[in-house]
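Before any comments, here is the structure.
The values are calculated or read from the model by the stated rules, or taken from the named source; none is laboratory data. As the structure is a prediction and not an experimental result, all values here were calculated from the model. Cβ placement follows ideal geometry from the backbone for every residue including glycine, while neighbour counts extend to all protein chains displayed.
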């Protein structure tokens, strides 16, 4: 038996806020999509992972799946069922026995849930995870008045992944008439298939609103981890130029910092702090100045790579603190944008990023305005093993 996981990541996610689709926003150093993909790749029951994306998201997708060996993504349609159909049709040549169809906005699916769904999936019988409705439900009219109380005893909240025999669900999608179902189980039911419920998971949330992002971050923080702390320090001298890069923000100045990359001392110190917390060496080992690939490179790349190493280790970045040491430039007008920039790189809230500056009272190279230094500290949770 072969099993394929089909992840639907073609939505735009406007309710979640932010300037990119929600599946490409980061929590705990990884995009929501990457969390979902990694969950299926980690399951020994899943043989292939196919992702359906929006045609405008190719660059975001490639960045999210860096380092993974996956099937080529498929471009989705204008509606969910069309995306599912295109994804299923892309799997025809592989002819999997069963398929798991999953909303990419659910990052925390675990192996136990995958196993329960697959075990219950049979010929002409789909299986979905679901949770019993525990709140009292009211039917309300257009003016907001309660008309009746709904019997909740037979009501369940559907989740994904939803499991089917591949040929069954492919036929159901191909035979779809004017129906526009909200999930694959509903379509399968309309074509005569039966769907059984297995125990869902309260952790398997769908990230839809800004509040869901808050909750998902809290869920990661609650997992059993041991706190590790790393520190970093970096110096760059001044040279000819008209701006300085600090924390990924371009700051006008009468000089520039000189370096092999963009010489962002703050991000270099932060990269070393993150690597230090996980025992991952230093920035020079991973991005040596002798490598021409990093000539003029944005230091965002280094920070995001370090954050990915934390995520790969099952870790979570809690907070970071950066101190910039020098007489100039004054960072006050740029501080909030710098915080937001670093928070975006790490998938953190701005409140988890602190940036401050100090002088050396005109002592030393920084006091003589020959250069600028930065130091950083990173607090990271790693699995307690």
request  = For residue 171, work out the one condition from (1) farther than 30 Å from residue 82 by Cβ; (2) assigned to a helix (DSSP H, G or I) it doesn't fulfil.
outcome  = (1)
inquiry  = Just checking, does the stretch 184-194 include any residue being touching a residue at least 40 places away in the same chain (Cβ under 8 Å), under 18 Å from residue 113 (Cα atoms) and in contact with a strand residue (DSSP E or B) (Cβ under 6 Å, 6 or more places away or on another chain)?
reply    = yes
query = What residue, among those in the stretch 212-230 that are surrounded by 15 or more Cβ atoms within 10 Å (Cβ to Cβ) and either at pLDDT 90 or above or more than 32 Å from the chain's Cα centre (by Cα) (or both), is nearest to residue 368 (Cα to Cα)?
reply = 230
ask   = In the list 307, 297, which residue meets the criterion of being in contact with a helix residue (DSSP H, G or I) (Cβ under 6 Å, 6 or more places away or on another chain), in the same structural domain as residue 273 (by TED's automatic domain parsing) and either in a strand (DSSP E or B) or over 13 Å from residue 246 (Cβ atoms) (or both)?
value = 307
query = Does residue 129 qualify as being over 24 Å from residue 190 (Cβ atoms) and touching a helix residue (DSSP H, G or I) at 6+ places or on another chain (Cβ under 7 Å)?
reply = no
remark   = Among helices (runs of 4 or more DSSP H) entirely within the stretch 1-92, at least 3 residues that are touching a helix residue (DSSP H, G or I) at 6+ places or on another chain (Cβ under 7 Å) and either modelled with pLDDT under 95 or under 18 Å from residue 348 (Cα atoms) (or both) occur in 32-41, 80-90
note = (1) without any contact (Cβ under 8 Å) to a residue 24 or more places away in the chain; (2) under 15 Å from the mean Cα position of the chain (by Cα); (3) surrounded by 15 or more Cβ atoms within 10 Å (Cβ to Cβ) all hold for residue 82 apart from (2)
